[in-house]
1. Which order do L44, L32, L7 fall in if you start with the one that has the fewest other Cβ atoms within 10 Å?
2. Under the 0.36 nm per residue contour assumption, what length would be gained going from the current alpha-carbon distance of S226 and N240 to full extension?
3. Arranged by the count of other C-beta atoms within 10 angstrom, fewest first, what order do K134, K159, K65 take?
4. Quick one: which residues, 5 or more positions from A11 or on another chain, have an amide H under 5 Å from its amide H? H modelled 1.01 Å from N in the peptide plane, none for Pro or chain starts.
5. Pick out which of G161, G12, G117 has the largest mean-square fluctuation in a Gaussian network model of the chain, springs linking Cα atoms closer than 10 Å.
6. Please give the contour-minus-distance gain from K4 to T151: 0.36 nm per residue of separation, less the Cα-Cα distance, rounded to one decimal in nm.
7. Taking a cut-off of 20 Å, what percent of all Cα-Cα pairs in segment 57-191 are separated by more than that?
8. Rank these for me by crowding, T72, T25, T110, T151, going from fewest to most other beta carbons within 10 Å.
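We did not get these values from a lab; they are worked out from the coordinates using the rules stated. Not measured: the values here are computed from a predicted model. No Cβ is skipped: glycine too gets one built from the backbone with ideal geometry, and neighbour counts run over all protein chains shown.
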Amino acid sequence: MRKKVCLIVGAGQGLGRALAQKFATEGYHLNLVSRTLSGSQIALKAAHSAFPGGDHRHVTADATKPEELEKTLAEAVASHGTPEIFIHNPRGGYQLRDPLQISYAEMNDTLNLEVVGALASAKAIIPEMLDNKKGTIIFSSATAAFRGSATNPLYSIGKFGLRGLSQSLAKAYSAKGLHIAHVRLDCTLDVPDIRDWMGDTFKIKETSNVDDVAQSYWWLHQQPRSAWSNELELRPYSENWTF
């Protein structure tokens with residue numbers, strides 16, 4: 001019997017940890033990708049705790065270096081098996097500046113992380129999933145994919161590109177059995193870095209619990225073929241939203 005594999009790029013201590021724990025709980029063997037082993041140590045530990053007998057692994061790759069990422073993922077698939085679900089979840093940063101202050105290097109870095117890295121992942125994963133005639137691919141994104149920003153333009157530009165790639169892949173491969181979805185996280189996630197950054201201004205009711213978000217990713221993966229979502233938005237009940 002073929003083992004069920006979940007591969008996650010960007011498996012840090014926040015949403016990455018929650019996703020690793022959730023899919024391990026459901027009997028999946030986790031393959032976690034991050035720049036360093038220490039970056040995924042908490043997620044790897046969570047996977048082992050949730051599924052002690054699982055074949056959980058870590059591989060090192062930089063999501064901003066597409067050739068390296070594609071090669072690493074191809075090797076991971078060859079050694080660990082084709083994933084039933086792949087989650088592209090690298091975390092970009094907020095860089096406040098006027099649009100005309102964006103340097104070419106910053107633009108390249110943003111596009112490599114958000115778009116080119118996602119394409120590299122798709123190039124490594126999709127051909128293997130097509131051989132199996134099934135598979136789920138989820139791209140973690142944000143509301144920035146729907147609106148530009150005068151003060152944080154790089155984030156919007158990257159997410160716009162990611163959404164376009166996700167939709168293009170879905171249109172190309174859905175009929176061949178691949179469920180490809182762009183998840184818009186219209187929220188602040190309750191993760192250690194955010195708590196530290198916000199300090200006394202942190203209000204838990206205004207954030208999304210990462211374990212609840214991971215549960216929604218699981219539900220998305222479980223959708224029947226006759227009722228797939230290719231776009232999903234997630235936000236807390238308290239969010240005052242416009243998109």
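1. Ordered from fewest to most neighbouring Cβ atoms within 10 Å, L44, L32, L7 come out as L44, L32, L7.
2. Additional length available on full extension: 1.8 nm.
3. Result, fewest neighbours first: K134, K65, K159.
4. Amide H neighbours of A11: V33.
5. G161
6. 48.6 nm
7. 47 percent
8. Ordered by Cβ neighbours within 10 Å, fewest first: T151, T25, T72, T110.
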